[in-house]
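S.K.: This is the structure, below, for whatever I ask next.
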Amino acid sequence: MADSLADPWLTIIGIGEDGLAGLSEASRKALAKAETVLGGERHLALADVGSRGHAWPVPFDAEIVLSCRGRPTAVLASGDPFWHGAGASLAEKLGVGEWVAHPASSTFSLAAARLGWRLEAIACLGLHAAPFERLVPHLANGARIVCLVRDGKAAGDLAKWLSERGWGASALWTLVALGGPRESVAEHRADSFAGDVSGNLVAVAIEAKGGQGIPRSSGLSDDLFVHDGQITKRPVRALALSALAPRAGERLWDVGAGSGSISVEWALCGGMAIAIEAREDRVANIHENAAAFGLAHRITVITGRAPEALTALDAPDAVFIGGGLDSAMFDAIWSRLAPGARLVAHSVTLETEALLGALQQRHGGELMRVEIAHAAPLGRYRSWEAARPVVQWSAVR
C-alpha cells in the first residue's frame, strides 16, 4: 500500500481560468508526466497539453478514465474537483492508493471573494445540469446564493424564472471567467436583466429580495400542493411529521402517497422519500409537487399498491401509511423494518381504527385520536365545522 500511495497512476487536477500559471508545482509535474490528459475542451486548452489531451464525453463517464488504469494519467476539472466536479465520481471507483488530487480555488470561493460574502453563510448550488427549482428550498428574503450555470442564456433564463416567482427585485451578479485575464463581474436586477452575457459564464450570484420563501415549520399550506382533495391536511400532516421525526439522509416509504405532501416535507428536511401511489393521476400530481419544490432528485415515485410494490425497495428508516392499512399490509411492512425504524399510520374508518388499537396493544407505541374543527359561517353567525376524526398510531420497531 505504501508504494501505491507514493506513486498513484491518476492525478486529479483543479485548474482555473489562469491556466498553467495558476497550477501548483505538484500539479505541473503530474501534468508533464501524464501520458493521457482527460478533461473538458476548455480545460485542455487552458493546460495546453496538445495531442495528449482527450475531451471526455457528455454526459461524463468515468469508464474512459478507468480504461487508463496503471498508466500515468491526469484529469482536469474546474477549480475544486470535489465541489460539483468529477472528483468524487472518480474516487468512488478507485482504491485509496490509486489517485491523488490537487484542487484549485473553487468558483464559489472566488465568487465570495469578489463580492465580499461569507462563504459559510451562502448556499452553493450546481445548476448547470439541474432544474432551477433546486433553488426553491433556499430562497428567502436576504438569502445569498451562488450557483453554477451552463452559459449566458441560462443566466437570462434564471433571471426570468426568479421574476416569474416573485423574486424580480433580487440583485443578480454574473461572474465570468473568474480568476483569469478575461474576468468580468456585473450586477443586475433580476427583472430587468436581458441575459446578454458573452464568454464562459461560470456563476450567477443572487441576493434574494421581494418574494416569500417556504416556511421551515412542518405543516405547509395545502394550497402549495397540487392535489385532488386526497391530501393529508396541514394540521394532521404536522402531527404526522412530528411522529415520523425526519432526519437528514434517512429514507421514507410514503404508502398511498396521494399528493405526496408528506414526501415533500420529509425531503425538505434532507431525507429521501419513496412515494407509492396506485392512481396514475395522483402519481402525476406527486411528480409535479416534487418538481415544484425542487425535490425531484430526492423523491422517487412508484406506481403500484402496497405491499406488492414494496418488495424490491431498500428498507426504510420510517414509514407513513395515510390510510387503507390492513393486517396483510402491516405484516409485510413491519417485517421489513430494522430496529429503531418508525411507523406512523392514520385512520378515518372504524375498521382501521380497530386494527390500530389492536396493533398498539401488541406492539406498543402511541395511539392518538385527533379531532379538529374550523370556524365556518352558520347563517348570520359562525359555528364550528368538524372534520372527520383521525386516529394516529406511531411506533418504533
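The values are calculated or read from the model by the stated rules, or taken from the named source; none is laboratory data. Everything numeric here is computed off the predicted structure, so don't read it as measured data. No Cβ is skipped: glycine too gets one built from the backbone with ideal geometry, and neighbour counts run over all protein chains shown. All accessible areas refer to the heavy atoms of the entire protein, side chains included, with ligands and DNA or RNA removed. Shrake-Rupley method; radii C 1.70, N 1.55, O 1.52, S 1.80 Å.
S.K.: Ignoring ligands, DNA and RNA, what accessible area per residue does the stretch 219-377 give at 1.4 Å, in Å²?
M.R.: 45
S.K.: Turning to a different aspect of this structure: Taking 8 Å as the Cα distance limit and 6 or more residues as the minimum spacing, I'd like the relative contact order of the chain as a percentage.
M.R.: On the way: 792 pairs, mean separation 42.0, N = 397.
In percent, rounded to a whole number, it is 11.
S.K.: Using DSSP to call loops (not H, G, I, E or B), can you name the GluC sites (Glu not before Pro) in the stretch 334-397 whose Cβ has at most 11 other Cβ atoms within 10 angstrom? Mind dumping the intermediate values first?
M.R.: On the way: sites: Glu351, Glu353, Glu366, Glu371, Glu385; in loops: Glu371.
Here the sparse-neighbourhood loop sites are Glu371.
S.K.: Another question about this same structure. Projected area of the chain, taken from the Cα convex hull and averaged over every viewing direction, in nm²?
M.R.: If I average the Cα hull's projected area over directions, I get 25.3 nm².
S.K.: Under the 0.36 nm per residue contour assumption, what length would be gained going from the current alpha-carbon distance of Glu120 and Ser192 to full extension?
M.R.: Separation in residues times 0.36 nm, less the Cα-Cα distance, equals 23.0 nm.
S.K.: Return the whole-Å distance between the Cα centroid of the stretch 221-292 and the Cα centroid of the stretch 72-146.
M.R.: 29
S.K.: How about Lys209: which lysines have a C-alpha closer than 25 Å to its C-alpha, ignoring those fewer than 8 places off in the same chain?
M.R.: Lys153, Lys160
S.K.: If you don't mind, there's one more thing I want to ask. Taking only the alpha-carbon atoms of the stretch 1-65, what semi-axes of the equivalent ellipsoid follow from 5 times the gyration tensor eigenvalues under a square root, in whole Å, largest first? Mind showing how you got there, number by number?
M.R.: Numbers: eigenvalues 79, 56, 20 Å².
They are 20, 17, 10 Å, listed largest first.
S.K.: In µm²/s, what is D for the stretch 179-334 at 25 °C and 0.890 mPa s, where D = kT/(6 pi eta Rh) by Stokes-Einstein and Rh is the Kirkwood radius from Cα pairs?
M.R.: The diffusion coefficient I find is 139 µm²/s.
S.K.: Report the dimensions of the stretch 1-133 along its three principal axes from the alpha-carbon atoms, largest first, rounded to Å.
M.R.: Each principal axis gives a Cα extent; for the stretch 1-133 these are 42, 31, 31 Å.
S.K.: What lysines could a cross-link reach from Lys33, if we take a straight Cα to Cα line under 30 Å and drop same-chain neighbours fewer than 8 places away?
M.R.: The reachable lysines, counting only those whose Cα sits under 30 Å from Lys33, are Lys93.
S.K.: Provide the three semi-axes, in whole Å and in decreasing order, of the ellipsoid equivalent to the stretch 159-199 as defined by the square roots of 5 times the Cα gyration tensor eigenvalues.
M.R.: Square roots of five times the eigenvalues give 23, 9, 7 Å.
S.K.: Follow-up. Mind checking which of Pro137, Leu20, Ser89 is farthest towards the positive end of the chain's charge dipole, using Cβ charges of +1 (Lys, Arg) and -1 (Asp, Glu) about the Cα centre?
M.R.: Final value for the positive-end residue is Pro137.
S.K.: While we're here: Counting Lys and Arg as +1 and Asp and Glu as -1, each charge on the Cβ, what is the dipole of the stretch 121-263 about the Cα centre in debye, to the nearest 20? Write out the running numbers ahead of the final one.
M.R.: Numbers: 15 positive and 14 negative charges, 68 e Å.
It comes to approximately 320 debye.
S.K.: Quick check on the stretch 243-367: what does the Kirkwood estimate of hydrodynamic radius come out to from the alpha carbon pairs, in Å?
M.R.: Over the stretch 243-367, the inverse of the mean reciprocal pair distance is 14.6 Å.
S.K.: Same structure again: Can you tell me the dipole magnitude for the chain around its Cα centre, using point charges on the Cβ only (Lys, Arg +1; Asp, Glu -1), in Debye to the nearest 20?
M.R.: 660
S.K.: How large is the Kirkwood hydrodynamic radius of the stretch 104-218, in angstrom, based on all distinct alpha carbon pairs?
M.R.: It is 14.0 Å.
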